[in-house]
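Undergrad: Right, I'll just put the structure down here and ask away after.
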Amino acid sequence: MMDPIRFSRLKALALSPAHYKYGLTAPDEPSRAMRIGTAVHAAVLGDNPALDVFPGPTRRGKEWEVYKAAHAGQTILARDEADEVVATAAAVEANPAALKLLKQPHREERIAWKWLGLDCAGTPDAWDGTTVVDLKTARTAQPERFGKEVFWRYYHAQLAWYCNGLELSGRAKPERAYIVAVETAPPYPVVIYEITETALAQGFARCREWMERLKGCIENDYWPGYSDAVVPIEGITEMPDLTFAETD
């Protein structure tokens with residue numbers, strides 16, 4: 001039996017079905033940015049914000065392996081990472097508008113639903129009957145750059161996934177969707193972004209496209225890579241701008 005489809009896996013179809021299938025069994029060792037993001041979520045949204053901090057000097061060696069085994073399944077931080085988490089979470093909590101959005105009646109509650117005959121699941125950061133909110137830690141929350149990241153990293157599709165899931169699970173479909181973005185370096189600026197109805201519609205279309213492709217791959221047990229066809233390469237007149245802000 002397949003595990004429920006989660007957005008973090010589904011978006012691999014933006015690359016290829018082969019990437020999706022590989023991601024189901026690939027080792028899942030969180031990066032530094034992922035550890036900090038997870039810990040900031042726990043500090044801001046959780047009821048027990050205590051951090052698990054490794055007391056050793058580095059995350060390697062025998063002492064680290066013993067500690068990691070004893071704390072399996074937990075997000076273990078180095079001391080400098082813990083300091084960064086505390087400062088980042090404090091910046092969010094010092095922003096009244098951001099805190100009001102994030103302190104919804106429902107926080108980090110898992111929901112489950114069926115879509116196109118497939119089991120799906122998700123854990124919105126915060127939601128009530130009208131609003132869904134996602135907290136993102138980022139290297140930059142600058143509007144000119146983060147606005148591009150929303151589409152580059154499919155954050156608009158992620159929020160559309162949650163809106164659809166809430167509706168299909170028998171709850172009210174949110175009327176508004178927001179991202180609270182906070183930088184993980186001084187001065188830890190916080191910016192609130194509203195994902196408009198147009199952006200949500202685009203995100204929903206992308207999710208449906210991925211789901212339909214996934215369903216076909218499952219039914220045919222066929223998981224192609226980027227392309228099965230010969231791909232022609234044409235000449236270009238100038239190099240495209242491939243730079244983008246690194247976001248956790």
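The values are calculated or read from the model by the stated rules, or taken from the named source; none is laboratory data. Bear in mind that the values here come from a model prediction, so they are computed numbers and not experimental data. Ideal geometry is used to build each Cβ from the backbone, glycine not excepted, and the neighbour counts take in all protein chains shown. Protein only, heavy atoms only, side chains kept; ligands, DNA and RNA dropped before computing areas. Shrake-Rupley method; radii C 1.70, N 1.55, O 1.52, S 1.80 Å.
Undergrad: In the list A90, A97, A181, which residue meets the criterion of being modelled with pLDDT of 95 or more, among the hydrophobic types (A, V, I, L, M, F, W, C) and in a strand (DSSP E or B)?
TA: Numbers: A90 fails: in a strand (DSSP E or B); A97 fails: in a strand (DSSP E or B).
Selected residue: A181, the only one of A90, A97, A181 that is modelled with pLDDT of 95 or more, among the hydrophobic types (A, V, I, L, M, F, W, C) and in a strand (DSSP E or B).
Undergrad: Being among the hydrophobic types (A, V, I, L, M, F, W, C), touching a residue at least 60 places away in the same chain (Cβ under 8 Å), touching a Cys at 6+ places or on another chain (Cβ under 7 Å) and open to solvent by less than 50 Å² (accessible area, probe 1.4 Å) is the requirement here; does I5 meet it? Before you say what the answer is, go through the steps one by one.
TA: Working: among the hydrophobic types (A, V, I, L, M, F, W, C): yes; touching a residue at least 60 places away in the same chain (Cβ under 8 Å): yes; touching a Cys at 6+ places or on another chain (Cβ under 7 Å): yes; open to solvent by less than 50 Å² (accessible area, probe 1.4 Å): yes.
Criteria met by I5.
Undergrad: OK, next. Considering only residues of the stretch 187-220 that are touching a His at 6+ places or on another chain (Cβ under 7 Å) and part of a helix (DSSP H, G or I), which is most open to solvent (accessible area, probe 1.4 Å)? Before the answer, list the steps.
TA: Residues of the stretch 187-220 touching a His at 6+ places or on another chain (Cβ under 7 Å): 195, 199-200, 202-203.
Those left that are additionally part of a helix (DSSP H, G or I): 199-200, 202-203.
Working: A199: 11, L200: 29, Q202: 99, G203: 0 Å².
Step by step, filter the stretch 187-220, then rank; the result is Q202.
Undergrad: For the stretch 112-146, what are the residues that are surrounded by 16 or more Cβ atoms within 10 Å (Cβ to Cβ) and part of a helix (DSSP H, G or I)?
TA: R145, F146
Undergrad: Are any of the residues in the stretch 12-33 assigned to a loop (DSSP other than H, G, I, E, B), touching a residue at least 40 places away in the same chain (Cβ under 8 Å), among the basic types (K, R) and surrounded by fewer than 19 Cβ atoms within 10 Å (Cβ to Cβ)?
TA: no
Undergrad: Name every residue in the stretch 166-186 that is among the small types (G, A, S), under 28 Å from A33 (Cβ atoms) and surrounded by fewer than 20 Cβ atoms within 10 Å (Cβ to Cβ), in order of residue number.
TA: Going residue by residue through the stretch 166-186, those that are among the small types (G, A, S) are 169-170, 172, 177, 181, 185.
Imposing the further condition that a residue be under 28 Å from A33 (Cβ atoms) reduces the set to 177, 181, 185.
A185 - this is the single residue of the stretch 166-186 that is among the small types (G, A, S), under 28 Å from A33 (Cβ atoms) and surrounded by fewer than 20 Cβ atoms within 10 Å (Cβ to Cβ).
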